[in-house]
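Visitor: Mind having a look at this structure? Questions to follow.
The values are calculated or read from the model by the stated rules, or taken from the named source; none is laboratory data. Just so it is clear, the model here is predicted, and its values are computed rather than measured. Neighbour counts are summed over all protein chains in view; Cβ atoms, including those assigned to glycine, are modelled from backbone coordinates with ideal geometry. Ligands, DNA and RNA are excluded from the accessible area calculation, which covers all protein heavy atoms including side chains. Shrake-Rupley method; radii C 1.70, N 1.55, O 1.52, S 1.80 Å.
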Amino acid sequence: MQIYSLEIVTPEVEGACATYSQLHGVTFGEGDARLGGARTAPLPGGGLFGVRAPLHETEQAVVRPYFLVDDIEAAVASAAGSGAEIAHPPMELPGLGTFAIVSQGGIHHGLWQV
């Protein structure tokens, strides 16, 4: 199991980026439209750490790990077969890979295929 991407959704993007920069010595880039405007920093192993604002007024603050998978369609089907709800079906992000979000027990888990 490998976390490929870590997404933080917060209304305080600049403050969160400043805190993580000071704590971990990372530098965040400008917002990436492909990731909902997330400011990103690299993770060891080639993944992304992203901080973005909510995309709509009902989106709650959340920390969401995205686990790397070989076959996202099979992973989503397996999660659904285990009782997880599909919160976001697989969607390709050009140049970044394909992601999906499943929810189990009220907790969102992301899946990512590169």
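Visitor: May I ask for the angle, rounded to the nearest 10°, between helix 13-24 and the longest principal axis of the chain, with both axes built from Cα atoms and the value confined to 0 to 90°?
Guide: That helix lies at roughly 80 degrees to the long axis.
Visitor: To continue, here is another question. Using only protein heavy atoms and a 1.4 Å probe, report how much of residue 109 is accessible, in Å² to the nearest 10.
Guide: We get 60 Å² for residue 109.
Visitor: Enumerate by residue number the GluC sites (Glu not before Pro) in segment 1-71 meeting two conditions: DSSP loop (anything except H, G, I, E, B), and at most 14 other Cβ atoms within 10 Å of the site's Cβ.
Guide: Counting only loop positions with at most 14 other Cβ atoms within 10 Å, the GluC sites (Glu not before Pro) in segment 1-71 are 12, 30, 57, 59.
Visitor: Also, I was wondering about something else. Taking the solvent-accessible surface of protein heavy atoms with a 1.4 Å probe, what is the per residue accessible area of the chain in Å²?
Guide: 58
Visitor: Counting only protein heavy atoms and a 1.4 Å probe, tell me what percentage of the chain's accessible area is made up of carbon and sulfur.
Guide: 56
Visitor: Still on this structure, I have one more. Mind checking the full-extension length gain between residue 80 and residue 67? Use 0.36 nm per residue of separation minus the Cα-Cα distance, one decimal, nm.
Guide: 3.1 nm
Visitor: Under a 5 Å amide H to amide H cut-off, with H placed in plane at 1.01 Å, what residues pair with residue 38 once short-range neighbours are removed?
Guide: 32
Visitor: Under a GNM of the chain (C-alpha, springs under 10 Å), which listed residue has the highest mean-square fluctuation: 23, 43, 55?
Guide: With Cα springs under 10 Å in the chain, the top fluctuation among 23, 43, 55 is at 23.
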